[in-house]
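The values are calculated or read from the model by the stated rules, or taken from the named source; none is laboratory data. The structure presented is a predicted model; accordingly, all values stated were derived computationally and were not measured. Positions of Cβ are generated from backbone atoms using ideal geometry, with glycine treated the same way; all protein chains shown enter the neighbour counts.
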Amino acid sequence: MTVEKFARCFVVTISAAFLSILLLNLTKINYVQQQNQQPVVKLINPKSNSVISVNAPISYEITVADPEDGNSKYDEINAKEVLLEVRYLKDKSKADAFLNKPVAADAPGLAVIRTSNCFSCHNFNSKAMGPSFYEINKKYTPSKVNMDSLAKRISAGSTGIWGKEKMPSHPELSATDIKNTVQWIMKNGANADDNYFIGLNGIIPPAVVRSAGTYVLTASYVDHGLKATPGKQRLKGQDAVILYVR
């Protein structure tokens, strides 16, 4: 082999190797870009370890930043998709465990509630266009007849049950989704030690902090996944603080 041919072969070999490395890196970059990123949730107020008086209203403020969905400071996050859980702990020794627990998926029923259109008509503790989950829980005992009736109304819709407003149908929800939703409402809708609020900011009413003790506030948001595949690979972000009520 002549020196010229050897040089050509060497250049071709090096070029092919370089091209392979370049393609591999581009593939890795594209893979990383296609991975959904967890939203960053911050509970700005109240501050952790604050001391609050019994029966005092508490103002709260939450921020959310997500690479795909946007940033709450630019009004790019739907406030109705942000939840604040206020949990009263009878055993204050469990506070640190709640504060530091890893982000976990919501209970199946709550997951359906927060990712469907439920909050267009319902709140957890206060009446909106439709009854609150608290009112539903209090009105119906968790019998099979009542559970089946509520499931049917969610699926097919109803009217005249809670006034003149019409309950829309939900054909997009599976029978399992609806069953889980009803079970969650009947189990948690009137739990005095575990309250939920919707929005980036608001007031926790005095009735919620009715007892002295330790409270854990957890703000959370579930993103919409990648723009190329909305609704898939959804991730949850959360932030928590501890309050002491005296």
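List the residue pairs whose Cβ atoms are under 9 Å apart, where the first residue sits in the stretch 199-223 and is free of Cβ contacts under 8 Å to residues at least 12 places away in the same chain and within 16 Å of Asn45 (Cα to Cα), the second is of a type in the set (Gly, Ala, Ser) and surrounded by 15 or more Cβ atoms within 10 Å (Cβ to Cβ), and the two are 6 or more positions apart or on different chains.
Once the first residue is free of Cβ contacts under 8 Å to residues at least 12 places away in the same chain and within 16 Å of Asn45 (Cα to Cα) and sits in the stretch 199-223, no partner that is of a type in the set (Gly, Ala, Ser) and surrounded by 15 or more Cβ atoms within 10 Å (Cβ to Cβ) comes close enough.
Can you name the residue in the stretch 93-143 that is among the aliphatic types (A, V, I, L, M) and in a loop (DSSP other than H, G, I, E, B) and is also farthest from Lys42 (Cα to Cα) among such residues?
Only one residue fits best here, namely Met129.
Looking only at the stretch 152-203, which residues are β-branched (Val, Ile, Thr) and assigned by TED's automatic domain parsing to the domain that holds Phe133?
Across the stretch 152-203, the qualifying residues are Ile154, Thr159, Ile161, Thr176, Ile178, Thr181, Val182, Ile185.
Across the stretch 170-186, which residue is surrounded by the most Cβ atoms within 10 Å (Cβ to Cβ) among those that are assigned to a helix (DSSP H, G or I) and charged (D, E, K, R)?
Asp177
Of the residues Ala156, Ala192, Ala212, which is farther than 21 Å from Ile58 by Cβ, surrounded by fewer than 19 Cβ atoms within 10 Å (Cβ to Cβ) and hydrophobic (A, V, I, L, M, F, W, C)?
Answer to the check: Ala156.
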